[in-house]
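Okay, structure first, notes after.
Derivation of every value follows stated rules applied to the coordinates shown; laboratory data play no part. This is a predicted model, so every value here is computed, not measured. Cβ placement follows ideal geometry from the backbone for every residue including glycine, while neighbour counts extend to all protein chains displayed.
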Amino acid sequence: MILIDALYINMGGGKVLLDYLITKLDQSNKNIHFLLDDRIKDAHPTIQNNKVTYLRAKFTNRHQFYRLNASQFTKVLCFASLPPSMRLKAKVYTYFHQLLYLKVPKNSGFKFTIIAAIKSLISKTLKSNTDFWVVQSASVKNQLVAKYNIKAEEVKVIPFYPPVVNCETVVRMRETYAYVSLPATYKNHERLIEAFCLFHQKTGRGELNITVNDEFPLLLAQIELLKLKKIPIINHGFLGKEKLNNLYQSVEYVIFPSLAESFGLGIIEALENGCKIIGADLPYMRAVCEPSISFNPTSINDMVLAFEKSIFEEPIISKQLVHDEVDKLVRLLN
């Protein structure tokens, strides 16, 4: 039996990838046991052909599950950057997608930095409990090998992401921008919003679309104040897959100012939906695409210049450098 351990996945890009993997694996002929966070019990694709266990996402609960069930599994895929808490007889693959375990961006705040450091230490301590690591890009592989002092051949680069659903009735509007991301500190929303305000005040052009949910009331209040000042920032909140694709297919540019990404699912989604990318000049961006415009994500002035280039110049078409290899990941579990 194969174990898919996704106990710590419940939101964001990781949840999008988990949903896709659940769909692909449940359609296969494999004998699979899914270990999932109880917060997503009614919020994932239907599992019809395999077993599923829901637990509260705690280290002790996970360890107890392994202690009681480890002998049942021949292969294990840990889907949240954290190897098992004990050594197993099964072959173990750990999908690593938390770049913050490798390097925390500057100015992330004391509490955020400490929490990331503790989680990184736990993951690194457990590294001997996995046989292989799986990452989405060569950039993350290089950083993981260096930080965890592991062999390059133990890290497999297998990018994967769900296919795009085309929305033929959507009209793409010029001088429109989107940033699809929850506003964790390192996602850089504050600089982006300030830069867009300066750009709009200077040119009177553009529209910025963002996706901030109700868990960030201070940022939501700021957006409402800016709307009263006639700054065209539209917050869509959380979007399901179809509405998200509608958004991508209605804007000209996706701007991506994040300070750290393991993959940048939003970049790939935007490219597959035909958007041009205005991207942070950082390794994670260069690993997955050649953006139309690059900028320094720590400089508000440079971000303003990037907005201006998008309307006053004729940027190149962005080039996608990676593609979906989910079938390769599925074969890995044979």
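Which of the three applies to segment 165-252, rounded, prolate or oblate, going by the alpha-carbon gyration tensor with a ≥ b ≥ c and a/c under 1.5 meaning rounded? Write down the numbers at each step before the final one.
Values: a/c = 2.02, a/b = 1.22, b/c = 1.65.
Oblate.
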* To do: Kindly state, to the nearest 0.05, the FRET efficiency for Ala152 paired with Lys51, given R0 = 45 Å and r defined as their beta-carbon distance.
  => 0.80
* Mind giving me the FRET efficiency for Ser28 and Gln320? R0 is 22 Å, r the Cβ-Cβ distance, nearest 0.05 is fine. => 0.25
* **Loop-resident sites, segment 1-81, for trypsin sites (Lys or Arg not before Pro), counting at most 11 other Cβ within 10 Å (DSSP)** => Lys41, Arg56, Lys58
* Loop trypsin sites (Lys or Arg not before Pro), segment 202-232, which have at most 14 other Cβ atoms in a 10 Å radius of their Cβ (DSSP) -> Lys229, Lys230
* Asked: Based on Cα positions only, what radius of gyration and what Dmax would you give for segment 21-157, in angstroms?
  -> 15.9, 48
* Asked: Ala43 to Phe216: extension gain in nm, 0.36 nm per residue of separation minus the Cα-Cα distance?
  -> 60.1 nm
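Which entries of Lys89/Lys328; Lys58/Lys243; Lys15/Lys187; Lys103/Lys127; Lys51/Lys89; Lys202/Lys243 show an alpha-carbon separation above 27 angstrom in the structure shown?
Among Lys89/Lys328; Lys58/Lys243; Lys15/Lys187; Lys103/Lys127; Lys51/Lys89; Lys202/Lys243, the Cα-Cα distance tops 27 Å for Lys58/Lys243; Lys202/Lys243.
Is there a quick way to get the dipole size of the chain? I mean about its Cα centre, with the Cβ of Lys and Arg at +1 and of Asp and Glu at -1; what is the value in debye to the nearest 20?
In total the dipole reaches around 1320 debye.
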* Between segment 310-334 and segment 1-76, the alpha-carbon center distance in angstrom -> 26
* Whole Å is fine, so just give me how far the alpha carbon centre of segment 128-152 lies from that of segment 183-238. => 36
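What size of dipole, in debye to the nearest 20, comes out for segment 2-157 about its Cα centre when the only charges are +1 on Lys and Arg C-beta atoms and -1 on Asp and Glu C-beta atoms?
Dipole about the Cα centre, nearest 20: 440 debye.
Subtracting the Cα-Cα distance from 0.36 nm times the residue separation, let me have the gained length for Lys106 to Lys15 in nm, one decimal.
Details: separation 91, 0.36 × 91 = 32.76 nm, distance 2.63 nm.
Stretched fully, the Lys106-Lys15 segment lengthens by 30.1 nm.
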* Among His33, Met303, Val164, pick out the residue whose Cα is farthest towards the positive end of the charge dipole of the chain, where Lys and Arg carry +1 and Asp and Glu carry -1 on C-beta, about the Cα centre. => His33
* To do: Figure the gain on full extension for Asp131 and Arg67 (residue separation times 0.36 nm, minus the Cα-Cα span) and round it to one decimal in nm.
  => 21.2 nm
* Where a ≥ b ≥ c are the square roots of the eigenvalues of the C-alpha gyration tensor, would you call segment 173-320 rounded, which needs a/c under 1.5, or, failing that, prolate if a/b is larger than b/c, or oblate? -> rounded
* **Candidates per GluC sites (Glu not before Pro) in segment 199-294, loop by DSSP, up to 15 other Cβ within 10 Å** => Glu215
